[in-house]
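Colleague: Sharing a structure here in structure tokens format.
What follows is calculated from the coordinates using simple rules that are stated; it is not laboratory data. No experiment lies behind these values; they were computed from the predicted model shown. Virtual Cβ from ideal backbone geometry, glycine too; neighbours counted across all protein chains shown.
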Amino acid sequence: MTANGWLQILVFAAVTLAVTKPAGLYILRVYDGSFRWLGPVERVIYRWCGIDPEDDQHWTRYAAGLLLFSAVSMLVTYVALRLQGSLPLNPFHRAAVADRQAFETAASFTTNTNWQSYAGETTMSYLSQMMQLAFHNFTSAACGVAAAVALARGVARRSGGRIGNFWADLIRGTLYLFLPLSFVLALVFVQQGVIQNFASYVTVHTVEGAKQVLAMGPVASQEAIKQLGTNGGGFFNANAAHPFENPTPWSNFLSMAAIFAIPAGLTYTFGRMVRNQRHGWALWAAMFVLFAAGVTTAYWAEARGNPIHAARGVDVVATATNPGGNMEGKEVRFGIANSALYATVTTDASCGAVNAMHDSFTPLGGLVPLVNIQLGELIFGGVGSGLYGMIVMAVLTVFIAGLMVGRTPEYLGKKIQSREVRMAMLYVLIFPAVILLFTAASAVLPQGLAGLNNAGPHGLSEMLYAFSSVTGNNGSAFAGLTGTTYYYNTLLGLGTLFGRFAMMVPMLALAGFLSERKTVPDSAGTFPVTTPLFVVLLLGVILIVGALTFFPALALGPLVEHLLMGLGKVF
Amino acid sequence: MLDVVYIVLTLGFFALMVAYVRGCERLGREGGEGEGRP
């Protein structure tokens, strides 16, 4: 580890802290309806679509609207990908996307996952990239924030199960939040050297005299929303390790800052909405502690390197001319600190963009992204999903605290009783159930084992990572797993759908149930949710839930691989 | 060939989610413990 590396990590942490309040205030004004600089456009959309933005929907109607929009947009994308060969903006005559991949891709982008079993530059036409995938980048992100804001409304007010208007939230989030911010960020990316064109692919001669085809395309416009919306799907197969997607240290830093900006800001928005700003900061603090622990572990593990390399004479000590550590699978441009930081940020935030190959990390370095995902994508988390995941954990925390002292638990003045805890537990249990059942099935079925490229614990880690990534709606790949089969495309596609909607529904139900409760004033028996003790207890609940559900699988994967690495064994 | 299967699978999944919404609503009614809508 170097002072330079730590300095960059500290600067990133400071920027995350600095953007939290302005981003939070901006989001608050978007969703409370006071920010209307595109009012005429918004009104036209409402009129054309027959939407009454003042129609305060019951949580069941809100959920139904979200499901309807997702189902229709997913089917449209499926059909468009299957018809790609006949559609315009296809200068390289890309054929129809295979049925299994079209299903997986449509599901993956609809759910903000962006798991990709294809290479974008050789599979997708410009039309598919811009009108299907980029469309979902915007709308899936807007759906996530809408759901989080709906939960915040449920906590904040007493409205008989009414939590806002899904269609208005979707349009406001897209129109005022993601479109303008993505436009500005795309311009900055272009200034940094990210390409944005409809040009033909360029054939160049390398210094060795070989011919190489360089893919072109409208990359910057997709790159901006990919990071801001925590989508993560790359225009190119190499994702953010590709110099046309991520050309400079600044573009790398801005990408990471963009990934955390909205999820961090949402904690501030939540604090304002529930009129308890200190609670918003308490959630932020819990997220930050987990982020700091993750990046420290990943950086330490990668900078320490692989002892097998050291035993074979490879210099793993950092010097002025040698990065040392484990540079396998990393861009020399970014080095170890920025690779470890990017991997932590992208898996904390359910983004899934990568600037290094997580499969090539040391076992403990690779454990960090895996654990980040398995904790429920709530360390700042996906746009919206991070906040509502953390709120569900906060509800469980006050419930457990209430059990400890024998009083009816309250969360921000709302009594937490059996139906709220049922919804919270549904949310918590579905996630590991999907991951572990799908991984277990793949570990014994020949169709699952056929996709493995590595044996032993590393192979299990690849499988576990894949199902964790899709169910957590992260989308990053550990690599090493051949996912382009009917078995994996279908199962991974289903994993994205269950990981998104089977968790969103009980969360929206929780919002509705809380909005039916009257707010009671704090009493001597109320567990305060603004103190360091609350943060510690919240962290304990998150870690215990994660450890209890995933530790056995992690012990068989990265942990045993780490121990065997010390004995000189590789997989 | 398998297009129909994938389209039916998609529609089936979302139909399942709609049923899930109703199930959650029912669970909420059963566990309401007296405090209803205002």
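Colleague: Can you figure out the FRET efficiency of A:T530 with A:V11, using R₀ = 25 Å and their beta-carbon distance, to the nearest 0.05?
Modeller: 0.35
Colleague: At 0.36 nm per residue, minus the direct Cα-Cα distance, what do A:S200 and A:L543 gain on full extension? Give it in nm, one decimal, please. Provide the component values of the computation, followed by the final result.
Modeller: Working: separation 343, 0.36 × 343 = 123.48 nm, distance 4.97 nm.
Length difference between fully extended and current span is 118.5 nm.
Colleague: Still on this structure: Taking only complete DSSP H runs, can you tell me which helices of chain A stretch 18 Å or more along their own long axis by Cα positions and average at least 0.5 on the Kyte-Doolittle scale?
Modeller: For chain A, where a helix must reach 18 Å along its axis and average at least 0.5, the hits are A:3-31, A:59-82, A:134-156, A:179-192, A:249-273, A:385-405, A:418-444, A:486-515, A:532-554.
Colleague: Also, I was wondering about something else. Which value in nm describes the separation of the simple spin-label points at A:K569 and B:L11, placed 7 Å from the Cα toward the beta carbon?
Modeller: 5.1
Colleague: Let me ask something else. Taking Cα pairs under 8 Å and at least six residues apart, what relative contact order does chain A come out at, in percent?
Modeller: Here the relative contact order equals 20 percent.
Colleague: At 222 nm, what value in deg cm²/dmol follows for chain A if DSSP H runs of at least 4 each add -39500 (n - 2.57) and the sum is divided by all its residues, to the nearest 500?
Modeller: After summing the helix terms and dividing by residue count, I get -20000 deg cm²/dmol.
Colleague: Can you give the net charge of the other residues whose Cβ lies under 14 Å from the Cβ of A:E462, counting K and R as +1 and D and E as -1? Intermediate results must be reported in sequence, preceding the final value.
Modeller: Details: positive: none; negative: A:D359, A:E561.
So the surrounding residues net to -2.
Colleague: Arranged by the count of other C-beta atoms within 10 angstrom, fewest first, what order do A:I163, A:I435 take?
Modeller: In order of increasing Cβ crowding within 10 Å: A:I435, A:I163.
Colleague: Once you order the gyration tensor axes a ≥ b ≥ c over the Cα atoms, which shape class does segment A:1-111 get: rounded for a/c under 1.5, otherwise prolate or oblate by comparing a/b with b/c?
Modeller: Judged from the Cα gyration tensor, segment A:1-111 comes out oblate (a/c at least 1.5, b/c at or above a/b).
Colleague: Which shape class applies to chain A: rounded if a/c is under 1.5, otherwise prolate when a/b exceeds b/c and oblate if not, where a ≥ b ≥ c are the square roots of the Cα gyration tensor eigenvalues?
Modeller: Because a/c hits 1.5 or more and a/b fails to exceed b/c, chain A counts as oblate.
Colleague: Along Cα→Cβ, 7 Å out, is where each label goes; now give me the distance between the ones at A:T321 and A:D522 in nm to one decimal.
Modeller: Output for this residue pair reads 6.1 nm.
Colleague: How do A:H205, A:H242, A:H358, A:H309 rank when sorted from fewest to most other Cβ atoms within 10 Å of their own Cβ?
Modeller: Details: A:H205 9, A:H242 20, A:H358 26, A:H309 16.
By the 10 Å Cβ count, ascending: A:H205, A:H309, A:H242, A:H358.
Colleague: Enter the Cα centre distance for the pair segment A:536-571 and segment A:161-205, rounded to the nearest angstrom.
Modeller: 37
Colleague: In the neighborhood of A:L185, defined by Cβ-to-Cβ distances under 14 Å, what is the net charge if each Lys or Arg adds +1 and each Asp or Glu adds -1?
Modeller: Net of charged neighbours comes to -1.
Colleague: OK, next. What full-extension length gain, to one decimal in nm, is calculated for A:A455 and A:A292 as 0.36 nm per residue of separation minus the Cα-Cα distance?
Modeller: Extra length available between A:A455 and A:A292 comes to 55.5 nm.
Colleague: Decide, for segment A:449-571, between rounded, prolate and oblate: order the square roots of the alpha carbon gyration tensor eigenvalues as a ≥ b ≥ c, take rounded if a/c falls under 1.5, and otherwise choose prolate if a/b is larger than b/c, else oblate.
Modeller: Oblate shape, in that a/c is at least 1.5 and b/c is the bigger or equal ratio.
Colleague: Now, a different point. Using Cβ counts within 10 Å as a stand-in for footprinting exposure, how do A:E54, A:E42 rank, fewest first?
Modeller: Going from sparsest to densest Cβ surroundings: A:E54, A:E42.
Colleague: So, R0 is 25 Å and r is the distance between the beta-carbons of A:A18 and A:L187; what FRET efficiency does that work out to, to 0.05?
Modeller: With R0 = 25 Å, the Cβ-Cβ based efficiency is 0.70.
Colleague: Taking 0.36 nm per intervening residue step and subtracting the Cα-Cα distance, what contour gain separates A:W48 from A:R312 on full extension?
Modeller: 88.2 nm
Colleague: What's the local net charge at B:D3, with K and R +1, D and E -1, over the other residues with C-beta under 9 Å away? Don't skip to the answer; put the middle values down first.
Modeller: On the way: positive: A:R82; negative: A:D99.
Summing Lys and Arg as +1 and Asp and Glu as -1 gives 0.
Colleague: Moving on to the next point. As an exercise, use a Förster radius of 45 Å and the Cβ-Cβ distance of A:E328 and A:V76 to find the FRET efficiency, rounded to the nearest 0.05.
Modeller: 0.65
Colleague: For A:K211, which lysines qualify as cross-link partners when the Cα separation must be under 27 Å and same-chain residues fewer than eight apart are set aside?
Modeller: Answer for A:K211, where 27 Å is the Cα cut-off: A:K330, listed by chain and number.
Colleague: Lys/Arg Cβ at +1, Asp/Glu Cβ at -1, dipole of segment A:193-278 taken about the Cα centre: which of A:A258, A:N237, A:H205 is farthest positive-ward?
Modeller: A:A258
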